[in-house]
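A.B. asks: Here it is, the structure in full.
Coordinate-derived values only; no laboratory data. From a predicted model like this one, the values you see are computed outputs, not experimental measurements. Cβ sites come from the backbone with ideal geometry, for glycine too, and all protein chains shown count toward neighbours.
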Protein chains: 2
Amino acid sequence: MIKVSIVGKGNVSYHLGKAIEKSKDIEVIEVLSSRENLFTKVSEPNQDTLSAQPDIYILAVSDNAIVEASQRLRKTKSLVVHTSGGISITTLPKEVRRGVFYPLQTFSKKSEIDFKKVPLCIEAENKTDLEILHNLAIALSNEVHEVSSKQRVKLHLAAVFVNNFVNYMYKIGSDICQDSELPFSILKPLLTTTAQKIENLSPEEAQTGPARRGDTITIKKHLDLLTVKEHKEIYSLMTQSIQKTYGKEL
Amino acid sequence: MIKVSIVGKGNVSYHLGKAIEKSKDIEVIEVLSSRENLFTKVSEPNQDTLSAQPDIYILAVSDNAIVEASQRLRKTKSLVVHTSGGISITTLPKEVRRGVFYPLQTFSKKSEIDFKKVPLCIEAENKTDLEILHNLAIALSNEVHEVSSKQRVKLHLAAVFVNNFVNYMYKIGSDICQDSELPFSILKPLLTTTAQKIENLSPEEAQTGPARRGDTITIKKHLDLLTVKEHKEIYSLMTQSIQKTYGKEL
């Protein structure tokens, strides 16, 4: 049985907690707010707190709170891991056994998630700790990857493109619909298929559209139709980049 | 029973044909190549061809082929519709009863599609023809919209953002993974959730990430990590635009 303490009460903590509940191999012994006095608890252990020491502290807190929360844990003998994509393992205090447990997914309390399918990116500084993290991870998900801090920041960057920027493309689509008095829902089947296509095709194979075809007449028509300056700039830049990638430079 | 002739043998023709097969109210009397001599057939009707006249000719051909194919049909008494998002109804010859039947979806022969969920955008020049198209459309899909040529070109433009440009974001994500020796599959659950989120949330509500949060440290770190000039430009422009939209201008 792996005993964990989760620090933080946000979306990651919520979904991680729910996933652990379903597992027979892991037990959450406590969920702490990042503002609670972790320091006292671990620096002055008594009979009660000693028996309640977790194997792993999971810091499911915002990037800004990692330093402070982990500093409070610097006297613990437990493994301390954060859950952030963009933060290096070395941000955690040198004094502790450090690790990273990064679930590569977007979480919100409003929607359920199948944690078995969440890619878990793990990192530790020695074999023993990596094994502990690996056991934790495979008990929760079928997608466990050993990922270095250097790789992880790149992964987090890639996630900005396929999540945040994709969502902003939806926003522009929604704006254009609104402008034409059409419901945004009309685009949803297309948007779903676009994501599904990638299950079987590479993005290269799946790329279609006027830029890919080198259809300059449609491109010009589209640029003329765009009234928002930023949307026009994004259309131009994306089109140029697609054409450069696929050898149809104008 | 609505009798249709489909002109064109590409992806739209294929999926449309399969959807019609399942319908009891529509019959495909022929599937013609856009290069076949439609002209002779409709300009010199004999007893055979007269009985085989369709109610609707559906031009499921590429944008470039619409003018030529429809010119060959200019003597027909049947309704002639094209299936293109970006082409006006007035591109079809004046002499015929004109219409548009635009399925707003991306088709490929490799993947099945539930046609009942494909939004069908219809347009015609008079009530009778619109009613015919409406009957055709509701026999095939639960999502039928009356959309003018002016609205339709905007919709096609919006589709470029949520389909073609989104797919290019996947391509950039894939490039970054490759560069870090990570499998692109690691991003797929995130990419799927990003599309699914939009079922219940507006793109405004779903927007997260460093740009939305105004997290300048992460933004700078990401820009430093990007080695491909175009990727860096896209990251900058998207970030600026998100910040302008959500009032976190730097």
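A.B. asks: According to a simple spin-label model (label point 7 Å from Cα along Cα-to-Cβ), what is the distance in nm between residue B:131 and residue B:146?
C.D. replies: 1.2
A.B. asks: Considering chain A as a Gaussian network with a 10 Å cut-off on Cα pairs, which listed residue, A:158, A:211, A:124, attains the greatest mean-square fluctuation?
C.D. replies: Ranking A:158, A:211, A:124 by mean-square fluctuation puts A:211 first.
A.B. asks: If you build a Gaussian network model of chain B, linking Cα atoms that sit under 10 Å apart, which residue out of B:214, B:17, B:173 swings the most?
C.D. replies: B:214
A.B. asks: Another one. Using DSSP to call loops (not H, G, I, E or B), can you name the trypsin sites (Lys or Arg not before Pro) in segment A:61-153 whose Cβ has at most 14 other Cβ atoms within 10 angstrom? Don't skip to the answer; put the middle values down first.
C.D. replies: Values: sites: A:72, A:74, A:75, A:77, A:94, A:97, A:98, A:109, A:110, A:116, A:117, A:127, A:150, A:152; in loops: A:74, A:75, A:77, A:94, A:109, A:110.
Answer in residue order: A:77, A:94, A:109, A:110.
A.B. asks: Which one, B:113, B:83, B:34, projects farthest toward the positive side of the charge dipole computed for segment B:2-147 from Cβ point charges (K/R +1, D/E -1)?
C.D. replies: The one lying farthest along the dipole's positive direction is B:34.
A.B. asks: Could you sort out which of A:197/B:171; A:18/A:110; A:188/B:232 sit more than 20 Å apart by Cα distance in this structure?
C.D. replies: On the way: A:197/B:171 13 Å; A:18/A:110 13 Å; A:188/B:232 29 Å.
Violating the 20 Å Cα-Cα cut-off are A:188/B:232.
A.B. asks: A further question follows. Taking chain A as a Gaussian network, Cα atoms linked when under 10 Å apart, which of A:63, A:179, A:25 shows the biggest mean-square fluctuation?
C.D. replies: Evaluated over chain A, the most mobile residue of the options is A:179.
A.B. asks: Could I ask something else about it? One-quarter of the Cα convex hull surface for the protein assembly as shown, in nm²?
C.D. replies: Directional mean of the projected Cα hull area for the protein assembly as shown stands at 25.7 nm².
A.B. asks: Here is a further query. Compute the orientation-averaged projected area for segment A:2-147 from the convex hull of its Cα atoms and round it to one decimal in nm². Please report the intermediate quantities before stating the final value.
C.D. replies: On the way: hull surface 31.9 nm².
Across all orientations, segment A:2-147 yields a mean hull projection of 8.0 nm².
A.B. asks: Still on this structure, I have one more. So how far, in whole Å, is the C-alpha centre of segment B:196-214 from the one of segment B:1-22?
C.D. replies: If you average the Cα positions of each part, the centres end up 38 Å apart.
A.B. asks: Work out the charge dipole of segment B:45-192 with +1 on the Cβ of Lys and Arg and -1 on the Cβ of Asp and Glu about the Cα centre, then indicate which of B:126, B:103, B:187 is farthest towards its positive end.
C.D. replies: It is B:126.
A.B. asks: Which value, in debye to the nearest 20, describes the size of the charge dipole of chain A about its Cα centre when Lys and Arg Cβ atoms bear +1, Asp and Glu Cβ atoms bear -1, and nothing else is charged? Don't skip to the answer; put the middle values down first.
C.D. replies: Values: 33 positive and 30 negative charges, 49 e Å.
The calculation lands at about 240 debye.
A.B. asks: Can I ask one more? For residue B:30, which sequence-distant residues (separation of 5 or more, or a different chain) have an amide H within less than 5 Å of its own amide H, given hydrogens modelled in the peptide plane?
C.D. replies: Amide H to amide H, under 5 Å and 5 or more residues apart or across chains, residue B:30 pairs with B:6.
A.B. asks: What is the order of A:88, A:33, fewest Cβ neighbours within 10 Å to most?
C.D. replies: Details: A:88 16, A:33 13.
Arranged by neighbour count, lowest to highest, A:88, A:33 become A:33, A:88.
A.B. asks: Using Cβ contacts closer than 10 Å as the measure, can you line up B:82, A:156 from fewest to most?
C.D. replies: On the way: B:82 29, A:156 22.
Fewest to most other Cβ atoms nearby, the residues stand as A:156, B:82.
A.B. asks: Taking only DSSP H segments of four or more residues, each worth -39500 (n - 2.57), what value at 222 nm results for the protein assembly as shown once the sum is divided by all its residues, to the nearest 500 deg cm²/dmol? Could the numbers behind the result be given before it?
C.D. replies: Values: 24 runs with 227 residues, N = 500.
Calculated mean residue ellipticity at 222 nm is -13000 deg cm²/dmol.
A.B. asks: Which residue is it, in chain B, whose C-beta lies closest to the B-to-A rotation axis, and what is that distance in whole Å?
C.D. replies: Looking at chain B's Cβ atoms against the axis toward A, the nearest is B:195, 2.
A.B. asks: Quantify how strongly other chains surround peptide A:103-110 by giving the mean number of their Cβ atoms within 10 Å of each of its Cβ atoms. Provide the component values of the computation, followed by the final result.
C.D. replies: On the way: counts 2, 5, 5, 10, 2, 7, 0, 4.
Whole-number average of other-chain Cβ neighbours for A:103-110 is 4.
A.B. asks: Now for a separate question. Could you put B:121, B:177 in order, starting from the residue whose Cβ has the fewest other Cβ atoms within 10 Å? Don't skip to the end; give the middle numbers.
C.D. replies: On the way: B:121 24, B:177 20.
Fewest-to-most Cβ neighbours within 10 Å comes out as B:177, B:121.
A.B. asks: Extent of segment B:164-250 along each principal axis, from alpha carbon coordinates, in Å, largest to smallest?
C.D. replies: 36, 32, 23
A.B. asks: Straight distance only, please: which aspartates and glutamates reach the Cα of residue A:220 with their own Cα at less than 14 Å, same-chain residues fewer than 8 apart left out?
C.D. replies: A:233
A.B. asks: Putting +1 on Lys and Arg Cβ atoms and -1 on Asp and Glu Cβ atoms, find which of A:156, A:236, A:172 reaches farthest to the positive end of the dipole of segment A:100-244.
C.D. replies: A:236
A.B. asks: Where the only charges are on Cβ atoms (+1 Lys, Arg; -1 Asp, Glu), what is the dipole of segment A:2-147 about its Cα centre, to the nearest 20 debye? Could you put the intermediate results ahead of the total?
C.D. replies: Details: 19 positive and 19 negative charges, 48 e Å.
The dipole of segment A:2-147 has a size of about 220 debye.
A.B. asks: Kindly give the distances from residue A:89 to its copy-mates, label point to label point, with each label point 7 Å from Cα along Cα→Cβ, as nm values to one decimal ordered shortest first.
C.D. replies: Copy-to-copy label distances for residue A:89: 6.4 nm.
A.B. asks: Which angle between 0 and 90 degrees, to the nearest 10, do you get for helix B:229-245 versus the longest principal axis of chain B when only C-alpha atoms count?
C.D. replies: Approximately 90 degrees, to the nearest 10.
A.B. asks: Restricting attention to the alpha-carbon atoms of chain A, what are Rg (one decimal) and Dmax (integer), both in Å?
C.D. replies: Cα only, chain A: 22.9, 77 Å (Rg, Dmax).
A.B. asks: I would also like to ask the following. To the nearest 20 Debye, how big is the dipole of segment A:124-219 about its Cα centre, given +1 on the beta carbon of each Lys and Arg and -1 on that of each Asp and Glu?
C.D. replies: So the magnitude is around 160 debye.
A.B. asks: Oh, and also: Report, to the nearest 10°, how far helix A:216-225 tilts away from the longest principal axis of the Cα atoms in chain A, using its own Cα long axis and a range of 0 to 90°.
C.D. replies: Compared with the principal axis, the helix lies near 70 degrees.
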